[in-house]
Amino acid sequence: MFPQKFEERLVLWHQLRESTATDRDFLTAVNTFWMMAPTIDRWLHWQDQNSWPDPWVLLNNHAYCDVAKALGIVYTIMLSGRLHLLENTQIEQIADVLEQANVVIINDGKYVLNWDLHNITNISLVDFSAKFIISTDDLKAKIK
């Protein structure tokens, strides 16, 4: 269950970032945390990347669109100190004829987060094409 109060979210988010779990278990926990967040249709827009919130403003929100959840996933990894997970990692808006999603592609697709609540590996995205992409390097300036 995603905590209702900001203070509770902050404590849980801190514990998550400090986890000593294996990378796979850590990424699974991060994915679960953000996918359990209350969902709204639109909050952040790809065209407004300059106005995307920093991690703490994002966490203080009460509901999240898919872009915001993907951003939260990347911020969580960035602030965890597991910088090796950020190599070849980016947020992508992928789409095919019927479906669209905002996912976090880690290590050139070894892990895909913000796609499925229970699975972060062996996810085939070959039928999708990327409409928008932002690298983790572009997001580092948001963390002060």
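The values are calculated or read from the model by the stated rules, or taken from the named source; none is laboratory data. Predicted model only: the values in this text are computed from it and were never measured. A quick note on method: Cβ atoms are made from the backbone with ideal geometry, for glycine too, and the neighbour counts reach across all protein chains shown.
Inspect segment 63-76 for any residue being surrounded by fewer than 16 Cβ atoms within 10 Å (Cβ to Cβ), within 16 Å of LYS142 (Cβ to Cβ) and of a type in the set (Ser, Thr, Tyr) and give the result as yes or no.
Kept after step one, since they are surrounded by fewer than 16 Cβ atoms within 10 Å (Cβ to Cβ), are these residues of segment 63-76: 63.
Narrowing further to those that are within 16 Å of LYS142 (Cβ to Cβ): none.
No, there is no match, as no residue in segment 63-76 is surrounded by fewer than 16 Cβ atoms within 10 Å (Cβ to Cβ), within 16 Å of LYS142 (Cβ to Cβ) and of a type in the set (Ser, Thr, Tyr).
Here is a list: GLU87, GLU92. Which entry is of a type in the set (Asp, Glu) and surrounded by 15 or more Cβ atoms within 10 Å (Cβ to Cβ)?
On the way: GLU87 fails: surrounded by 15 or more Cβ atoms within 10 Å (Cβ to Cβ).
Every option except GLU92 fails the conditions.
When THR28 is evaluated against the numbered criteria (1) at pLDDT 95 or above; (2) out of contact with any strand residue (DSSP E or B) (no Cβ under 8 Å at 6 or more places or on another chain); (3) under 16 Å from GLU8 (Cα atoms), which criterion, by number, is the only one it fails?
The single condition THR28 does not satisfy is (3).
Cβ-Cβ distance below 7 Å, separation of 6 or more or different chains: which pairs start in segment 25-49 with a residue that is over 23 Å from ARG82 (Cα atoms) and end on one that is surrounded by 14 or more Cβ atoms within 10 Å (Cβ to Cβ) and polar (S, T, N, Q)?
TRP46/GLN93
Keeping to segment 57-94, report how many residues are without any contact (Cβ under 8 Å) to a residue 24 or more places away in the chain and more than 25 Å from ASN107 (Cα to Cα).
2
Evaluate segment 2-24: report whether one residue or more is among the aliphatic types (A, V, I, L, M), closer than 25 Å to ILE123 by Cα and in contact with a Leu (Cβ under 7 Å, 6 or more places away or on another chain).
Just the residues of segment 2-24 that are among the aliphatic types (A, V, I, L, M), to begin with: 10-12, 16, 21.
In the following step, the residues that additionally are closer than 25 Å to ILE123 by Cα were identified as 16, 21.
Retained after the next criterion (residues that are in contact with a Leu (Cβ under 7 Å, 6 or more places away or on another chain)): none.
No; the residues of segment 2-24 include none that is among the aliphatic types (A, V, I, L, M), closer than 25 Å to ILE123 by Cα and in contact with a Leu (Cβ under 7 Å, 6 or more places away or on another chain).
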